[in-house]
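Heads up, the thing below is written out as structure tokens.
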Amino acid sequence: MHEAQFWRLKKGETVDARSISRPSLWGHMIRLAQVFGPIQDFHEALADGAMEEHDIEPVTQGLVQRFEDFDRQLPLDQHFSPRTLKEHISAGLGSIFVALHLGYHHYSTLLYFPYLDTQLSQIPGRSTYVARCKRHAAFFSDLLRTSHNTPHCEAVYLIVTHMTVVSSSVLLHTLLFGEDDELSDARERLYSNFEVLLKLKQYWPGAESMVDRLFTFQKVCMRSMDRTYAVDRWIIKFLLQHALPIDDEMYDTNPDLAERRKVANDALSMLHPAVLQQLK
């Protein structure tokens with residue numbers, strides 16, 4: 001049942017299922033969340049080495065199809081645009097509408113995240129999937145910034161801290177290993193994400209530990225000269241097990257780590273020092 005229809009109900013009123021004209025935003029979120037389990041299974045299989053290389057892209061395409069089905073079934077007035085955002089804010093549904101689309105871009109980022117691993121360079125569609133990962137992480141950042149700059153649609157629930165760190169990790173990866181023409185936008189969005197995390201820290205003290213994860217991810221990116229990271233158990237924990245602590249001790253023995261960590265620190269120092277200081 002759509003939220004507006006629900007709010008019009010009177011006390012004691014019964015509802016015939018046939019009178020429900022369209023699903024709610026929460027209903028769409030439930031349908032969207034159903035893709036998370038298969039994405040999680042995909043990550044687990046990659047980390048465990050349980051998937052043959054020739055099966056990786058077909059599984060990815062199957063999940064891509066589920067997102068395309070979701071897009072196709074989503075009513076036009078619930079696709080994101082400045083106009084539809086304004087309409088949902090006017091109806092008192094701005095925050096829920098934003099949550100739906102933040103979730104969409106977060107799940108999409110998770111799906112394509114493994115393709116940042118250069119070990120998957122033999123996958124024919126890898127460059128396309130890397131571009132999609134970066135695009136969804138950027139869309140997430142832009143939408144998050146919009147939500148916090150627009151009254152009545154702020155995203156301030158706890159899980160958004162983890163989602164923001166996942167988006168930020170892709171932006172950080174772009175800063176470290178992306179093309180020159182990608183750096184400016186990635187730096188601006190990373191700064192914007194940090195501003196939101198600083199704001200969320202007022203509500204959720206746990207936001208600080210989420211930021212620590214991002215700095216740990218930076219170190220893991222530095223762990224070898226021939227790849228940015230591997231799809232392993234650490235990455236699974238980083239992406240999916242956001243309530244559990246993580247560490248990076250196992251990566252401190254690499255003799256190349258110190259130099260590459262300095263590169264990462266130099267990249268992060270492009271952000272506003274006061275923001276970094278408050279988040280550390």
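Laboratory data are not the source of any read-out in this text; all were calculated from the coordinates shown. Keep in mind the model is a prediction, meaning the values are calculated, not measured. Cβ atoms come from the backbone with ideal geometry, glycine included; neighbour counts cover every protein chain shown.
What is the order of Asp16, Asp71, fewest Cβ neighbours within 10 Å to most? Provide the component values of the computation, followed by the final result.
Details: Asp16 6, Asp71 10.
In increasing order of surrounding Cβ atoms, one gets Asp16, Asp71.
How would Lys199, Lys11, Lys134 line up from fewest to most surrounding beta-carbon atoms within 10 angstrom? Before the final figure, lay out each step's value.
On the way: Lys199 13, Lys11 4, Lys134 21.
The fewest-first ordering by Cβ neighbours comes to Lys11, Lys199, Lys134.
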Fewest-first ranking of Ser121, Ser95, Ser167, Ser192, using other Cβ atoms within 10 Å as the exposure measure
Ser121, Ser95, Ser192, Ser167
In whole Å, what is the distance between the alpha-carbon centres of the stretch 198-213 and the stretch 1-19?
38 Å
Set the Förster radius R0 to 22 Å, insert the Cβ-Cβ distance between Ile30 and Thr128 as r into 1/(1 + (r/R0)^6), and round the FRET efficiency to 0.05.
0.15
Too-long pairs where the Cα-Cα distance tops 27 Å, listed order kept, from Lys10/Lys199; Lys134/Lys237; Lys11/Lys86; Lys11/Lys201
Lys10/Lys199; Lys11/Lys86; Lys11/Lys201
Segment Asp69-Thr118, extension gain: residue separation times 0.36 nm, minus the distance between their alpha carbons
14.7 nm
What's the extension gain from Leu158 to Ile20 if we count 0.36 nm per residue and subtract their Cα-Cα distance?
46.6 nm
For Thr109, net neighbour charge (Lys/Arg +1, Asp/Glu -1) across residues whose Cβ lies under 10 Å away:
+3
